[in-house]
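Heads up: the structure comes next, in structure tokens.
Computed from the coordinates by the stated procedures, all read-outs in this text should not be read as laboratory data. Just so it is clear, the model here is predicted, and its values are computed rather than measured. No Cβ is skipped: glycine too gets one built from the backbone with ideal geometry, and neighbour counts run over all protein chains shown.
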Amino acid sequence: MKLDWRKVWVVARHEYLTNVRRTGFIIMTAIVPTLGLIALLVGALLAPQARQIGESIASFFDTGGKRIGLVDHSGEFTPVLPEYEDTFTVFASDEEAEAAVDADEVEIVLVVPEDYLETGRVIVLTKGSGFDAAVVEDSPTIHAFFVDHLLDGKVDPELRARLIDPIEPELRMLGGKEGVSGGWGVVFGFFIPYFLAVFLVMTIFTSSGYLLQGVAEEKESRVIEIVVSSVRPIELMAGKVIGLGALGLTQVGVWLGSVWLLSGGAAALLAVAATLVAPRVFLLAAVYYVLGFLLYAVLMAGVGALGTTMRESQQLAGIFSMFAMIPYMLSGLLFANPNVGLARALSYFPLTAPTMMMMRLPLADVPTIDIVVSILVLLASIPAALWFGGRLFEIGLLIYGKRPTMREVWAILRGSRTVARS
Amino acid sequence: MVIEVRDLVKRYGDVTAVDRLSFEVERGEVFGLLGPNGAGKTTTIRVIMDILRPDEGEVRVLGLPPREAKHRVGYLPEERGLYRNLKVLDTLVYLAELKGVKRAVARERAMRLLEEVDLADWAGRKVRDLSRGMQQRLQFIASFVHDPEVLFLDEPFQGLDPLNVDRIKRLILALHEQGKTIVLSSHQMDLVEALCDRILLVNHGKRVLYGDLAEIKRRYAPNAVRVRAPFLPPDLPGVAEVRSEDGSFYLTLIEGRQPNEILRALIAQDVEVEAFEVASVPLEQIFIAAVKEGVE
């Protein structure tokens with residue numbers, strides 16, 4: 001079966017140019033840059049407020065901004081070190097301190113008994129709730145105050161600083177990934193690749209959706225009669241798959257390009273993403289993207305062509321979208337362990353392999369055997385899908401009126417019947 | 001020979017749509033493919049257009065298998081439809097390109113044809129904005145925008161108003177004058193009579209009538225003449241029966257007698273003959289009779 005590539009190209013260009021002008025496509029494509037832009041603008045406008053909100057949330061869990069009273073019976077904390085004079089007010093007696101709390105001069109008073117060193121006991125005087133005891137215990141300011149005063153002059157300042165803030169965490173993922181400082185790295189590590197995979201799958205389905213819609217329209221308007229009198233169904237299908245595949249790539253291109261442009265200032269974001277998503281992952285994601293698109297598009301074209309209206313076609317082709325969505329339903333499981341048995345099994349099944357692998361790759365070091373097997377499975381199933389999809393497409397194109405039953409389709413596929421009634 | 005169909009068989013499941021059908025279409029003629037609904041005409045055309053594959057038999061188009069002749073054949077399907085959201089000019093260019101015409105050439109030809117059918121002003125509009133008649137015209141020129149040698153027109157007059165029927169008819173005649181071979185399938189027998197040189201009548205997928213239209217009409221003609229004259233002498237030789245019909249006389253002849261003998265007798269008796277013609281049967285009646293009679 002030799003294809004006339006000139007015709008395939010004509011169909012591909014036609015499909016690309018007509019669909020790239022669709023309002024739906026333009027909106028879908030513009031949505032990512034627009035959302036990014038809105039996020040940037042909102043971020044810029046609300047940055048001061050955001051900081052305030054952040055600070056007030058932080059101060060709720062700290063004693064920052066409040067004046068704290070101190071009655072020191074142990075003698076360990078007086079005189080107060082100069083850096084704490086603004087925050088701490090020293091009272092000579094418990095009565096004096098209670099009066100100050102009553103008069104709202106301070107919100108809480110810490111009474112340090114004589115036996116503090118042995119017991120660690122601190123009495124908290126407050127008009128507020130019992131919650132204040134917990135606040136005092138967890139407050140970094142009060143923690144620093146105690147450590148600073150207890151160790152002043154006894155150890156060198158560096159050690160003192162370390163005792164106040166002993167851990168500055170730095171994440172190092174196993175499996176050769178570069179270390180990225182801070183907890184944000186972990187978040188990016190999960191979510192950027194995850195959403196990248198989600199978007200890729202979305203483009204696969206928008207493009208195959210257009211393919212389906214195009215075929216249904218051609219059938220409903222009967223223009224298909226003229227088209228198949230000029231090109232062979234397999235050429236028509238090839239042209240559509242290539243044209244709409246290019247359309248999907250355009251969408252992904254616009255999205256990635258806009259992210260790159262918008263993050264121009266905040267290049268850190270991209271740098272983080274780039275270090276986390278290794279080139280190997282990107283390359284493999286591209287491979288799965290192309291293979292996945294070919295598989296789904298061909299199958300959806302074939303099965304969709306059997307429908308006699310757009311609605312019917314979508315219902316028929318929906319089976320394949322459901323398979324592709326399975327890995328997303330298992331997201332929770334995958335986050336916990338991307339190499340869990342079920343995930344590996346689904347990576348070997350052609351209809352779930354592309355999405356499953358795209359999700360697993362950024363999350364962990366996927367065993368090489370899984371990559372090799374899944375790609376081989378896809379490579380083997382695409383010709384089968386081409387035969388099956390192409391055959392159904394050819395049959396479906398000329399069936400109007402009533403959708404054939406499964407038995408009829410099977411009979412046609414086995415070749416015991418030629419094209420069904422028209 | 002432009003089209004050769006030999007013992008063509010096409011089955012849909014248990015139904016045989018085309019049953020050992022054979023015919024030929026000669027270069028430059030207008031060939032009528034006739035038959036009742038469901039007779040197998042459209043199936044036959046679809047096989048010739050390489051949309052369907054035959055179960056048995058052989059089909060040659062311009063001496064080639066249908067697949068290799070696709071670019072040189074045009075097709076106006078019975079089921080009409082175009083890309084509703086595509087622009088008029090883009091539609092024609094795309095369909096021509098699918099037939100292997102270069103883009104620039106297709107554009108030029110499409111514009112010229114749009115002018116011919118008064119649609120040039122609509123070239124940049126979407127197909128869905130066109131009226132029904134305009135869409136029919138557009139669909140019609142779409143079938144030969146790639147300048148084919150053979151053109152299949154399946155029910156080209158269906159659903160047209162008399163004005164557009166006349167328009168399409170004149171376009172068909174113009175194409176015929178350009179030397180194109182035209183295969184016309186239609187239920188409008190008057191138009192078939194006006195346009196076709198030869199016909200094929202099929203019923204239940206089988207050949208019922210086939211050949212030169214004039215010859216077929218003669219074959220079906222009754223042995224009778226129609227005469228318009230002020231009066232007729234009472235005893236004309238060779239005449240079995242005289243009937244008055246629509247202001248003329250309808251004379252049925254005795255078996256073996258020729259119309260010429262009657263004309264000679266009329267002149268000999270000084271009858272003022274205003275019109276004299278050998279009586280014929282409209283194609284429609286031949287169609288009905290032949291279909292009822294069955295295979296030729």
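A few remarks follow.
- Only one residue of B:V227, B:G179, B:G205 has its Cα farthest out toward the positive end of the dipole of region B:177-238, where Lys and Arg carry +1 and Asp and Glu -1 on Cβ, and that residue is B:G205.
- Per-residue shielding of B:80-86, expressed as the average number of other chain Cβ atoms within 10 Å of the residue Cβ, stands at 6.
- The Stokes-Einstein estimate for region B:13-64, based on a Kirkwood radius over Cα pairs and taken at 25 °C with 0.890 mPa s viscosity, is a diffusion coefficient of 199 µm²/s.
- DSSP bridge pairs, region B:103-214: antiparallel proportion in percent, nearest 5: 55 percent
- Per-residue Cβ neighbour counts within 10 Å put A:T78, A:T250 in the sequence A:T78, A:T250, beginning with the fewest.
- One decimal place: the segment B:R243-B:A221 gains 6.2 nm when fully extended, by the rule 0.36 nm per residue minus the C-alpha distance.
- Relative to the Cα centre, the charge distribution of the protein assembly as shown, modelled as +1 at Lys and Arg Cβ and -1 at Asp and Glu Cβ, gives a dipole magnitude of about 4740 debye.
- Three principal axis extents describe the C-alpha atoms of region B:1-145; from largest down they are 48, 29, 25 Å.
- Per residue of B:91-97, other chain Cβ atoms within 10 Å of the residue Cβ number 4 on average.
- Overall dimensions of region B:139-289 by Cα: Rg and Dmax, Å: 20.3, 63
- Under 21 Å from B:K126, Cα to Cα: lysines that are on another chain or at least 8 residues apart: A:K219, B:K87
- Overall, region B:121-273 carries a charge dipole of about 560 debye about its Cα centre when +1 sits on the Cβ of Lys and Arg and -1 on the Cβ of Asp and Glu, all other atoms neutral.
- Net dipole in debye of region B:127-207 [+1 Lys, Arg Cβ; -1 Asp, Glu Cβ; about Cα centre; nearest 20]: 140 debye
- Entry note, the protein assembly as shown: the mean residue ellipticity at 222 nm calculated from DSSP H runs of n ≥ 4, each adding -39500 (n - 2.57), is -17500 deg cm²/dmol after division by the residues and rounding to the nearest 500.
- A Förster radius of 51 Å, combined with the Cβ-Cβ distance separating A:F349 from A:S74, puts the computed FRET efficiency at roughly 0.15.
- Label-to-label distance, A:E85 versus B:E261, with points set 7 angstrom from Cα along the beta-carbon direction: 15.0 nm.
- Straight-line cross-link partners of A:K240 among the aspartates and glutamates, defined as a Cα under 19 Å from its Cα and at least 8 positions apart when in the same chain: A:D4, A:E15, A:E217, A:E218, A:E220, A:E225, A:E394, B:D90, B:E97.
- Kirkwood hydrodynamic radius (C-alpha pairs) into Stokes-Einstein, region B:46-128, 37 °C and 0.692 mPa s, D in µm²/s: 227 µm²/s
- Sorted into 20 angstrom bins from 0, the C-alpha pair distances of the protein assembly as shown split as 13, 30, 22, 15, 10, 6, 2, 1, 0 percent.
- Calculated FRET efficiency for the pair A:L37/A:L150, C-beta based, R₀ 60 Å, to 0.05: 0.70
- Cβ-Cβ FRET estimate between B:Y210 and A:L379, R0 fixed at 51 Å, reported to 0.05: 0.40
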